[in-house]
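The values are calculated or read from the model by the stated rules, or taken from the named source; none is laboratory data. Remember, predicted model here, so these are calculated numbers, not experimental data. Cβ coordinates were reconstructed from backbone atoms using ideal geometry, including for glycine residues, and neighbour counts include every protein chain displayed.
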2 protein chains.
Amino acid sequence: MRCEIVAVGTELLLGQIVDTNSSWIGERLALAGIDCLRHTAVGDNRERMRVAFTEALDRSDAVIVTGGLGPTQDDITREVLADVLGVEMIRDADVVVRIEAVFGGRGRPMPASNLRQADMPVGSHTIAEMPGTAPGLVCPVGGGGDDSPKVIYAVPGVPWEMKQMLDGTILPDLKRRAGISSIIRSRTLRTWGRSESGLAEDLAAEIERLDAVGGPTIAFLASGMEGLKVRITAKAPSDAEVDDLLAEEEARVRAIVGPIVFGVDDQTMESVVLDLLVEQGLRMATAESLTGGMIGSRLTDVPGSSRAFVGSVVAYDGDVKRSLLGVPDGPVVCEAAVTAMAANVCGVLGADVSVAVTGVAGPDPQEGEEPGTVWMATCVDGVVDAVRTRWPFDRTRIRQFTVITVLNALRLRLLARRDA
Amino acid sequence: MRCEIVAVGTELLLGQIVDTNSSWIGERLALAGIDCLRHTAVGDNRERMRVAFTEALDRSDAVIVTGGLGPTQDDITREVLADVLGVEMIRDADVVVRIEAVFGGRGRPMPASNLRQADMPVGSHTIAEMPGTAPGLVCPVGGGGDDSPKVIYAVPGVPWEMKQMLDGTILPDLKRRAGISSIIRSRTLRTWGRSESGLAEDLAAEIERLDAVGGPTIAFLASGMEGLKVRITAKAPSDAEVDDLLAEEEARVRAIVGPIVFGVDDQTMESVVLDLLVEQGLRMATAESLTGGMIGSRLTDVPGSSRAFVGSVVAYDGDVKRSLLGVPDGPVVCEAAVTAMAANVCGVLGADVSVAVTGVAGPDPQEGEEPGTVWMATCVDGVVDAVRTRWPFDRTRIRQFTVITVLNALRLRLLARRDA
């Protein structure tokens with residue numbers, strides 16, 4: 001089964017929007033075990049679309065077209081598909097009813113042009129999922145209906161509409177056509193505290209073992225302040241078996257690099273820290289200098305963060321550090337300063353635990369310290385731990401890496417506290 | 001002059017990275033007045049690359065290939081180009097020297113495989129810009145050297161290397177080939193406080209006038225908390241003339257929507273507010289609740305923000321609002337609370353001006369107020385202005401729109417103060 005993606009939209013060619021749909025679909029196809037050999041983007045132009053669809057169909061068994069299904073005169077994917085298939089267009093009465101229902105549900109009058117979206121090539125049928133007003137299409141090619149030798153799918157360019165149709169209808173149909181009955185699924189372990197090459201070294205023997213047994217695969221993905229991700233991908237005939245494989249491989253990976261794994265899949269460093277705080281009934285504060293509020297901002301991105309996060313003192317100015325956080329006179333990028341910040345912010349804001357950071361984000365040196373010099377501290381049960389680091393990064397990454405690193409230090413202390 | 005882009009890399013098809021290069025190049029080509037009719041992505045596969053390059057060259061006058069120029073065995077763009085052009089490869093002695101110089105400059109030993117990057121198709125020449133170790137290539141097609149009827153360019157997939165080569169060599173060469181001697185340039189006015197459709201209405205007559213005279217064009221681009229952008233694009237035979245056109249059109253647009261324009265091109269709301277503060281010798285603080293530190297974080301993204309920003313009190317918890325910021329007992333999402341926050345944070349942190357926000361980010365209601373209900377205040381010269389709004393957004397956008405809106409309110413007061 002060979003597949004191609006054709007994205008339609010002059011705005012893609014002009015760079016007004018980036019085609020994230022094709023990469024998202026490409027990842028989904030790869031995970032499903034279906035080869036995708038080419039991505040193409042063309043403008044809203046009848047002849048150039050016709051050529052692109054025809055060529056893709058010549059090369060491949062299945063083509064996924066995104067975009068050009070809207071209600072305006074520019075949206076001509078339906079007409080071009082009919083042309084490529086050599087069939088007429090008909091207006092589908094059921095689709096008319098569905099489109100009218102969407103508008104009725106929103107209490108808005110329906111422009112007449114929206115009925116164009118109910119026109120479809122003869123022999124095609126709509127995709128069951130229809131989260132917007134644009135129906136997606138399944139167009140068998142070469143006769144035989146669902147068992148046709150080839151197929152073109154058309155989905156809207158709006159990402160959330162496209163994604164529902166792809167996961168709900170297109171991927172299952174492609175797997176059926178390809179005779180793939182197995183399930184492929186991934187689990188991502190998020191890590192912090194080891195470089196990508198270090199992690200690859202740690203896991204080299206395990207990856208070699210997996211290669212030999214043809215078992216799950218392991219891939220690394222550096223994701224900045226979201227952590228360094230280790231993705232385990234497994235394949236099995238059933239949901240239960242693939243979940244077993246993933247669980248078993250997760251256990252093996254954790255046996256090797258467990259202490260640096262902070263979360264799984266969508267868990268962030270912030271959500272994990274907040275969960276540990278809630279679990280232990282602790283309230284947290286932050287004292288921030290070079291990060292300017294980013295630690296608190298990230299924590300409060302998490303819905304429900306008010307269960308554990310009380311607030312921050314952002315002491316960007318040296319005088320604020322001294323007056324509000326009791327930092328002693330003298331340098332503010334040093335152990336004494338960060339220790340005072342971490343200890344005193346708990347009292348100022350009425351918190352049980354805290355993190356504190358002070359350092360030089362750059363571009364200029366400060367107090368004779370080079371950009372990237374950062375002191376980080378955690379305070380748990382009144383005891384402060386402080387460490388110094390020197391990031392070899394630019395201003396943005398110095399701040400971001402400081403945020404995740406100090407939160408990770410707190411995570412490790414909260415784990416130790418729980419298990420003590 | 002018709003152009004196409006072919007991006008090489010299996011990781012693009014697998015969705016491991018999004019192809020932002022093609023959209024960036026597409027925008028640059030459009031601005032230069034060169035038609036780009038197709039984007040294609042193919043994997044690192046000799047035969048599929050050969051077919052994609054050949055087809056693109058058949059359809060177009062110029063093809064820009066990105067990726068596949070690295071030192072590893074996977075990087076085969078050079079070899080495939082030689083194959084498509086029907087010529088041999090030769091190792092270029094000058095390029096060997098340049099690559100060795102890059103490694104020497106970094107004090108690192110050079111792997112022998114890097115010399116593969118000095119191999120190039122006979123008849124092609126390198127692009128002058130070489131910010132990394134991968135040389136870019138200009139490959140004339142069909143004889144005639146620089147005046148060949150067609151051309152293929154090859155640049156690395158690394159964005160910053162690609163961009164330097166495109167702007168420095170490829171765009172000028174394409175414009176020369178296309179006989180385009182005019183300069184096309186854009187200026188972006190960033191606005192806040194009017195919807196996209198409202199702005200389009202305000203500027204409808206001016207856009208009609210420009211259409212009639214064939215003058216500069218105007219386009220809108222909604223960019224979240226970066227503002228709603230109005231991009232003016234002008235074309236003229238010389239730098240001086242295009243700059244005159246842009247200045248003249250900027251003045252016309254400002255005459256219509258001036259008060260909502262907060263910045264030009266790369267200026268952000270934060271950088272503009274900080275500049276106004278520095279200019280007036282004022283020190284600023286923030287008192288944040290639902291934004292959790294995001295206002296301070298954004299302000300301190302700007303290098304040099306310490307000249308005006310002193311810090312924040314992030315009072316996420318109600319008790320912190322009362323104890324540290326003197327918020328009266330009772331509800332914390334109300335005018336009295338936000339007014340106390342704005343006024344008192346100046347005293348707590350030793351600032352001259354402040355912004356304060358309190359509200360419901362959701363997902364749950366609070367104090368009987370629906371998510372999206374937000375009070376925002378500014379304090380300038382001891383006088384507090386407070387406004388209430390109700391955002392119809394999700395948690396993330398409620399927080400982001402609150403940040404830019406309260407900073408814009410401060411901007412307008414600082415402008416009024418300066419001009420008083």
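Out of the stretch B:174-198, which residues are in a helix (DSSP H, G or I) and buried (at least 16 other Cβ atoms within 10 Å of the Cβ)? Result: B:Leu174, B:Lys175, B:Arg177, B:Ala178. Please determine whether any residue of the stretch B:367-380 is surrounded by fewer than 19 Cβ atoms within 10 Å (Cβ to Cβ) and within 14 Å of chain A (Cβ to nearest Cβ). For the stretch B:367-380, residues surrounded by fewer than 19 Cβ atoms within 10 Å (Cβ to Cβ) and within 14 Å of chain A (Cβ to nearest Cβ): present.
Residue-wise test of (1) outside the structural domain of B:Gly68 (by TED's automatic domain parsing); (2) surrounded by fewer than 23 Cβ atoms within 10 Å (Cβ to Cβ); (3) of a type in the set (Ser, Thr, Tyr); (4) outside any strand (DSSP E or B).
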| position | (1), (2), (3), (4) |
| --- | --- |
| B:Gly123 | no, yes, no, yes |
| B:Glu129 | no, yes, no, yes |
| B:Ala134 | no, no, no, yes |
| B:Pro140 | no, yes, no, no |
| B:Gly143 | no, yes, no, yes |
| B:Asp146 | no, yes, no, yes |
| B:Ile152 | no, no, no, no |
| B:Gly157 | no, no, no, yes |
| B:Glu161 | no, yes, no, yes |
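Number of residues in the stretch B:10-69 that are more than 7 Å from every other protein chain (Cβ to nearest Cβ), over 28 Å from A:Ile34 (Cα atoms) and not aliphatic (A, V, I, L, M): the value is 7. Residues in the stretch B:302-322 that are within 21 Å of A:Leu299 (Cβ to Cβ) and within 7 Å of chain A (Cβ to nearest Cβ): 10 in all.
Within the stretch A:279-301, track down each residue that is touching a helix residue (DSSP H, G or I) at 6+ places or on another chain (Cβ under 8 Å) and either basic (Lys, Arg) or more than 14 Å from chain B (Cβ to nearest Cβ) (or both). Matches in the stretch A:279-301: A:Glu279, A:Gln280, A:Arg283, A:Arg298. Within the stretch A:71-80, can one find any residue that is buried (at least 17 other Cβ atoms within 10 Å of the Cβ), farther than 19 Å from B:Glu55 by Cβ and within 14 Å of chain B (Cβ to nearest Cβ)? No, the conditions are met nowhere in the stretch A:71-80.
Where residues in the stretch A:328-346 are over 27 Å from B:Asp317 (Cβ atoms) and in contact with a Ser or Thr (Cβ under 9 Å, 6 or more places away or on another chain), which of them is nearest to the other protein chains (Cβ to nearest Cβ)? My answer is A:Val333.
Screening the stretch B:199-267 for strands (runs of 3 or more DSSP E) wholly inside it with 3 or more residues that are basic (Lys, Arg) returns the ranges B:228-236. The sole residue among A:Val357, A:Val387, A:Val345, A:Val332 that is in a loop (DSSP other than H, G, I, E, B) and either among the β-branched types (Val, Ile, Thr) or modelled with pLDDT of 95 or more (or both) is A:Val332. There is at least one residue in the stretch A:230-244 that is farther than 30 Å from B:Gly304 by Cα and within 14 Å of chain B (Cβ to nearest Cβ). A single entry from A:Ala205, A:Ala236, A:Ala212 fulfils the requirement of being in contact (Cβ under 8 Å) with a residue 24 or more places away in the chain and either assigned by TED's automatic domain parsing to the domain that holds A:Val253 or out of contact with any Cys (no Cβ under 6 Å at 6 or more places or on another chain) (or both): A:Ala236.
Return yes or no: is A:Thr268 among the hydroxyl-bearing types (Ser, Thr, Tyr), more than 10 Å from chain B (Cβ to nearest Cβ), surrounded by 15 or more Cβ atoms within 10 Å (Cβ to Cβ) and within 30 Å of B:Arg395 (Cα to Cα)? For A:Thr268, the condition - among the hydroxyl-bearing types (Ser, Thr, Tyr), more than 10 Å from chain B (Cβ to nearest Cβ), surrounded by 15 or more Cβ atoms within 10 Å (Cβ to Cβ) and within 30 Å of B:Arg395 (Cα to Cα) - is met. Counting just the residues of the stretch B:316-343 that are in contact (Cβ under 8 Å) with a residue 40 or more places away in the chain and surrounded by 22 or more Cβ atoms within 10 Å (Cβ to Cβ), which one comes out farthest from the chain's Cα centre (by Cα)? Ranking the qualifying residues of the stretch B:316-343, first place goes to B:Val332.
Only one entry of B:Asp19, B:Asp58, B:Asp35, B:Asp44 meets the criterion of being of a type outside the set (S, T, N, Q) and without any contact (Cβ under 8 Å) to a residue 12 or more places away in the chain, and that entry is B:Asp58. The set of residues in the stretch A:44-80 being within 21 Å of A:Leu14 (Cα to Cα) and β-branched (Val, Ile, Thr) consists of A:Val51, A:Val65, A:Thr66, A:Thr72, A:Ile76, A:Thr77. The condition of being within 14 Å of chain B (Cβ to nearest Cβ), closer than 20 Å to A:Thr300 by Cα and touching a strand residue (DSSP E or B) at 6+ places or on another chain (Cβ under 6 Å) holds for only one of A:Leu349, A:Leu407, that being A:Leu349.
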